[in-house]
Amino acid sequence: VGDIEDIIILVGQVLIESENIFMRAARGESIDELGDFDKRLHLLSQAIKTEAGAGEDQRTQEKQNFLVSGIVAYVFEAVGSRFTQIDPLFAVRQLRILYNAGGINGVLQDKPIRQLIEQLELEASGKQLSIVKLFYHVDGFVKNPAQDFLFCMTIYFNSNGLSINLLTTGSQVHELFRVDYSAFPGETEGQQVAKMALDELISSFEKIANKLTN
């Protein structure tokens, strides 16, 4: 467009860097550039984002509110309401919802699961959620005081969709569910996720009980 100042500066910088590399090589020094790592990592990151369709952040407050009320609230209540049946078998109980909204970490606790969910919806209003965790930990099993039990469901609000990971005692972290924002999942998908989570909850707890019985 007739303005060549930027290209002159760029060429000058490249020439200076080339001279520096030449001088380091002449002195027998390493000429590997740290910048190569950054360039390669940037290219890899861009390729991954392109393949995943995550080049543009598709998160909006409307979609987040829909997902929180349509999946998060349903799954958390369906699963969390069952914890009360496990509580009497242990001496110590922790039920928390942990989240990051607008870059700020928060912890909700010391209330029934329904109230915690309502508080989460209030806290997240007008802020962008990046992660939400349903954390349940009990310790001091009646059959073995040294035995504890952990259930941790983590929901990630990524740039192009939502994913749910699950960790229970005796199992590895694994992905339970993933959906694109354009799908607008609701109660039906929430029921499916809740069923999978509850199946893994009881299976994990059965392993502990059977191990101690045997």
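Using the rule -39500 (n - 2.57) for each DSSP H run of four or more residues, divided by the residues of the chain, the 222 nm mean residue ellipticity is -15000 deg cm²/dmol. Computed from backbone phi, the HN-Hα couplings of the stretch 193-207 come to 5, 4, 5, 4, 5, 5, 4, 6, 4, 6, 5, 5, 5, 4, 4 Hz, rounded to whole numbers (Karplus: 6.51 cos²θ - 1.76 cosθ + 1.60, θ = phi - 60°; Gly and Pro given as x). Other residues within the sphere of radius under 15 Å centred on the Cβ of residue 154, judged by their own Cβ, net out at +1 (K and R +1, D and E -1). Normalised by 2.2 N^0.38 Å, with N the number of residues, the alpha-carbon radius of gyration of the chain equals 1.49. Charged neighbours of residue 165, selected by a Cβ distance under 11 Å, balance to +1 (K, R count +1; D, E count -1). Could you tell me how many degrees, from 0 to 90 and to the nearest 10, lie between the Cα long axis of helix 5-26 and the main elongation axis, the longest principal axis, of the Cα atoms of the chain? Tilt relative to the chain: about 90 degrees. Once you reduce the stretch 147-161 and the stretch 61-109 to the center of their Cα atoms, the two points are 10 Å from each other.
Using a cut-off of 30 Å between Cα atoms, the listed pairs 127/207; 63/195; 111/195 include 127/207 as exceeding that distance.
Efficiency by 1/(1 + (r/R0)^6): what FRET value for residue 19 and residue 159, r their Cβ-Cβ distance, R0 = 41 Å, to the nearest 0.05?
Efficiency, rounded to the nearest 0.05: 0.50.
Proximity of backbone amide H atoms, modeled 1.01 Å from N, is registered between residue 128 and 102 at under 5 Å, excluding neighbours fewer than 5 places apart on the same chain.
No lab work stands behind these numbers, since they all come straight from the coordinates. Since the model is a prediction, treat every value here as computed from it, not as a measurement. Every residue, glycine among them, receives a Cβ derived from its backbone with ideal geometry; neighbour counts consider all protein chains shown.
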